[in-house]
1. Filter the stretch 76-104 down to residues that are within 19 Å of Val50 (Cα to Cα), at pLDDT 70 or above, surrounded by 14 or more Cβ atoms within 10 Å (Cβ to Cβ) and not aromatic (Phe, Trp, Tyr), then give me how many there are.
2. Which of the residues that make up the stretch 39-75 are under 18 Å from Asn28 (Cβ atoms), at pLDDT below 85 and not charged (D, E, K, R)?
3. As an exercise: evaluate Leu44 against (1) part of a loop (DSSP other than H, G, I, E, B); (2) without any contact (Cβ under 8 Å) to a residue 40 or more places away in the chain; (3) touching a helix residue (DSSP H, G or I) at 6+ places or on another chain (Cβ under 7 Å) and give the number of the one condition it does not meet.
4. For Ile11, which of the numbered conditions (1) in a loop (DSSP other than H, G, I, E, B); (2) open to solvent by 20 Å² or more (accessible area, probe 1.4 Å); (3) out of contact with any helix residue (DSSP H, G or I) (no Cβ under 9 Å at 6 or more places or on another chain) fails to hold?
5. Within the stretch 14-27, how many residues are surrounded by 14 or more Cβ atoms within 10 Å (Cβ to Cβ) and at pLDDT 85 or above?
Amino acid sequence: MPKLLHEVSGIEYEEGKIFFINDSGGRNSIYYADAQQLTKGRRLTLKHIVDSALTNHDWEDLASGEDGELYVGDFGNNANSRHNLAIYITEMDSSSSSKNLIPSVLTFRYPDQKEFPPPPSNWNYDCEAFLYYHD
């Protein structure tokens, strides 16, 4: 794998492309490659979509919807102390190697979380994966 993909946290296949994101501390980039490179055993040639409107606090997973958009889960919360959990909805347009996209943002919280962080025995407020299913 290319060195840019140093800690892949999410992978999504859509329209003949494979999309990747890195975990926390990574750039605010969604990388992609032609899926045929993998099926033919070739080294990946990466391109990326840069989204200056996003911050990679702790990106954990990717999903794609029926609407041609990518969903980036910025909801890693290993220490159970985050107040800014979000899912970014951005275009899957890979026609340019660098874009400044304006995403929609779904913010959320765990309604029963009252302490940030709670005692370690109650660390139940972390999400590491998600999926898109019928909107």
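1. Residues that pass the stated criteria total 7.
2. Those that are under 18 Å from Asn28 (Cβ atoms), at pLDDT below 85 and not charged (D, E, K, R): His48, Ile49, Val50, Ser52, Ala53, Leu54, Thr55.
3. Tallying (1) part of a loop (DSSP other than H, G, I, E, B); (2) without any contact (Cβ under 8 Å) to a residue 40 or more places away in the chain; (3) touching a helix residue (DSSP H, G or I) at 6+ places or on another chain (Cβ under 7 Å), Leu44 fails exactly one: (2).
4. All conditions pass for Ile11, except number (1).
5. So the answer is 9.
The values are calculated or read from the model by the stated rules, or taken from the named source; none is laboratory data. Quick caveat, the model's predicted, so the values are computed rather than measured. Cβ atoms come from the backbone with ideal geometry, glycine included; neighbour counts cover every protein chain shown. Remember, those area values only see protein heavy atoms, side chains included, never the ligands or the DNA or RNA. Shrake-Rupley method; radii C 1.70, N 1.55, O 1.52, S 1.80 Å.
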